[in-house]
Amino acid sequence: MTLSAEQRIERCHIDLMKHPNFVAYSGVLMIGNVSVKDDFPTAYTNGRDVVYGRKFVESLNDSELRGLILHENKHKMYRHMLTWYHLFKQNAGKCNMACDYVINLEIADEGKDTQKFVSLPKGGLFDEKFRGLNSAEVFNLLPDDDGGNGRGGKGGLDEHGWDDAQTLTETERGELAKEIDQAIRQGAILAGKTGGSLNRSFDDLLKAKVDWREALREFVSSVCAGKDQSTWRKPNRRWLQQDIYLPTTYSEAVGRVVVAIDTSGSIGGAILTRFMSELTGIMENVNPEQIDLLYWDAEVAGHEVYGQGDVEKMKSSTKVVGGGGTVPSCITKYMREHKIEPVCAIVLTDGCVGNDWGGAWNCPVLWCIVDNDNVRPSVGQAIKIEM
């Protein structure tokens, strides 16, 4: 029985998801739509969706088809169509080729010990001299007349939808970035559970920087899930600049929130101002019954209490105190002594705490760690803030 191009692509997707060398790609393979077109010459992706030419698929054996599928999904995983668009505008052909050289080296490495389970289709761009380089570095090494300057930037296995990717709205781009990040992390977890392998590219992507503002917002929103309400008393400021008057959405009171700020000396005024501005915006929507703002070093040196409606006041009237050592366990000790039982705690620190991460917390805790990639809290979640 002869399988159609669609059936072969679906089967190769399943093959990759089941193979220990490629199981980590499972989440990425599920992103976007996959289609086959009779009049399409090779393959194409806009960074989310993938199109395969029917005759091109039919010309490949299963090993080469799996290689092609990996090729397209690596473009998605690395967000090439958005990340390197500025290079595409300089020279479309060179940019297309540069991305392909990087991807194809990875595919060759991943497939060499799989007994031809995955291989590069004929015509795939490959050169050992580009090993260890990223797409921009390869781009700078290619001569300017390589690949031409056509819209698609043709060269190698496929075509790249650079301009099509730019039609995504900011919201769609954000959603796609989040979906890809989740797929990478879920793939890493799946590989760990099934004994699969992760190549260096996954390690690099897993270390990618996360927008700390978004991570802080997600933590507070997920922990402080109150009952959504709307009020016309305070118009939504995001829409006022467009002369649109909408109510502010908020949640009914959700209890106390502890915000503990390290004042041991390394948390300067600039980061504190940025942190407090972001935090007050979040708290206005969450609407906690009370915010306990603690300043700490080797002990809790300051405790300020703000009630409902006082969030903006917190930003303007707070007074930073302290400046000694850095001992997070003083926070949990203080909370026990003063019977503070919050729905969550948010700790801003430089992370230079040794092995002291506060001991036993009576609530979920988020560590906001400034300019320190070398620490990992033993309790709670962590986000990195870079200045």
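For the range 290-317, the set of residues classified as closer than 17 Å to Glu341 by Cβ and surrounded by fewer than 14 Cβ atoms within 10 Å (Cβ to Cβ) consists of Val305, Gly307, listed by residue number. So for the range 362-380 (the condition being among the hydroxyl-bearing types (Ser, Thr, Tyr), under 16 Å from Val259 (Cα atoms) and more than 21 Å from the chain's Cα centre (by Cα)), does at least one residue qualify? There is no residue in the range 362-380 that is among the hydroxyl-bearing types (Ser, Thr, Tyr), under 16 Å from Val259 (Cα atoms) and more than 21 Å from the chain's Cα centre (by Cα). For the range 61-89, the set of residues classified as at pLDDT 95 or above and among the hydrophobic types (A, V, I, L, M, F, W, C) consists of Leu65, Leu68, Ile69, Leu70, listed by residue number. Taking (1) among the β-branched types (Val, Ile, Thr); (2) loosely packed, with under 15 Cβ neighbours inside 10 Å; (3) at pLDDT below 85 in turn, Ile385 satisfies each apart from (2). A count restricted to the range 70-90 and to residues that are in contact (Cβ under 8 Å) with a residue 60 or more places away in the chain and over 23 Å from the mean Cα position of the chain (by Cα) stands at 1. Filtering the range 277-313 to residues that are modelled with pLDDT under 85 and under 23 Å from Gly358 (Cβ atoms) leaves Glu278, Ile282, Met283, Val286.
Scanning the range 343-356 for residues that are surrounded by 21 or more Cβ atoms within 10 Å (Cβ to Cβ) and part of a loop (DSSP other than H, G, I, E, B) yields a count of 2. Being out of contact with any Ser or Thr (no Cβ under 8 Å at 6 or more places or on another chain), of a type in the set (Lys, Arg), more than 27 Å from Glu170 (Cβ to Cβ) and free of Cβ contacts under 8 Å to residues at least 12 places away in the same chain holds for only one residue in Lys37, Lys94, Lys18, and it is Lys18. Going by the conditions given, is Val57 over 25 Å from Arg131 (Cα atoms) and either surrounded by fewer than 17 Cβ atoms within 10 Å (Cβ to Cβ) or without any contact (Cβ under 8 Å) to a residue 40 or more places away in the chain (or both)? In short, no.
Counting the residues of the range 42-56 that are touching a Ser or Thr at 6+ places or on another chain (Cβ under 9 Å), of a type outside the set (Ser, Thr, Tyr) and closer than 21 Å to Gly123 by Cβ gives 5. Restricting the range 253-306 to residues that are under 20 Å from Thr326 (Cβ atoms), among the β-branched types (Val, Ile, Thr) and outside any strand (DSSP E or B), which is farthest from the chain's Cα centre (by Cα)? Filtering first and then ranking leaves Thr263. Can you list residue pairs whose Cβ atoms sit under 8 Å apart, with the first residue in the range 318-342 being free of Cβ contacts under 8 Å to residues at least 60 places away in the same chain and surrounded by fewer than 20 Cβ atoms within 10 Å (Cβ to Cβ) and the second being of a type outside the set (Lys, Arg) and part of a helix (DSSP H, G or I)? Count only pairs 6 or more apart in sequence or on different chains. What qualifies is Thr318/Met276; Val320/Leu272. Selection over the range 101-129 of residues that are part of a loop (DSSP other than H, G, I, E, B) and of a type in the set (A, V, I, L, M) gives a count of 3. Note on the range 91-100: residues that are hydrophobic (A, V, I, L, M, F, W, C) and either under 22 Å from the mean Cα position of the chain (by Cα) or part of a loop (DSSP other than H, G, I, E, B) (or both) amount to 1.
The single condition from (1) surrounded by fewer than 19 Cβ atoms within 10 Å (Cβ to Cβ); (2) in contact with an Asp or Glu (Cβ under 7 Å, 6 or more places away or on another chain) that Ser35 fails is (2).
Pick out the one residue from Gly53, Gly47, Gly27 that is of a type outside the set (Ser, Thr, Tyr), over 31 Å from the mean Cα position of the chain (by Cα) and assigned by TED's automatic domain parsing to the domain that holds Ile189. One residue alone meets the criteria, Gly53.
The values are calculated or read from the model by the stated rules, or taken from the named source; none is laboratory data. These numbers were taken from a predicted model, which means no experiment stands behind them. Cβ sites come from the backbone with ideal geometry, for glycine too, and all protein chains shown count toward neighbours.
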